[in-house]
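Okay, structure first, notes after.
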Amino acid sequence: MVKVYSITECPWCSKVKKYLKSKNIPYEEHNIEINEDDRKACFALSGDLVVPVITADDKEFVLGFDKPKIDALLHL
């Protein structure tokens with residue numbers, strides 16, 4: 001399952017989610033502003049609280065809206 005760590009008002013987060021939808025990639029959104037466990041998971045994954053963070057395996061991740069890296073991560 002693809003996870004997107006985000007915050008409520010984030011244009012780059014919105015772009016990532018829109019891009020995933022355009023590729024018919026299902027994902028779970030994890031808002032780090034609202035949920036402490038999501039905040040901790042995001043920090044454990046990336047070592048930071050900068051969003052968006054996209055992961056498919058909870059090990060490798062892409063920080064930000066970087067289409068080539070997202071495509072590589074998701075094997076698109």
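The values are calculated or read from the model by the stated rules, or taken from the named source; none is laboratory data. None of these values were measured; they are calculated from a predicted model. Backbone-built Cβ (ideal geometry, glycine too); neighbour counts: all protein chains shown. Please note that ligands, DNA and RNA were not included when accessible areas were found on the heavy atoms of the full protein model with its side chains. Shrake-Rupley method; radii C 1.70, N 1.55, O 1.52, S 1.80 Å.
What to note about this one:
- The residue among ILE7, ILE34, GLY64 whose Cα reaches farthest toward the positive pole of the charge dipole of the chain, with charges on the beta-carbon of Lys, Arg, Asp and Glu, is GLY64.
- Charged side chains reduced to their Cβ positions (Lys and Arg at +1, Asp and Glu at -1) give the chain a dipole of some 400 debye around its Cα centre.
- FRET efficiency, 1/(1 + (r/R0)^6) with R0 35 Å, evaluated for GLU33 and LEU74 via beta carbons: 0.90
- Theoretical gain in end-to-end length, ASP66 to LYS40 [0.36 nm per residue, Cα-Cα removed]: 7.1 nm
- Heavy atoms of LYS18 accessible to a 1.4 Å probe, total area in Å² rounded to 10: 150
- Accessible area of SER14 (1.4 Å probe, protein heavy atoms only, ligands and nucleic acids ignored): about 60 Å².
- In this label model, ASP58 and SER22 are separated by 3.1 nm, measuring between points 7 Å along each Cα→Cβ vector.
- Multiplying the residue separation of ASP48 and MET1 by 0.36 nm and subtracting their alpha-carbon distance yields 14.8 nm.
- Mean accessible surface per residue for the chain, computed with a 1.4 Å probe while every protein chain stays in place, in Å²: 62
- Cβ-isolated cysteines (cut-off 4.7 Å), the chain: CYS42
- Remark: the Cα gyration tensor places region 1-61 in the oblate category, a/c being 1.5 or greater and a/b not exceeding b/c.
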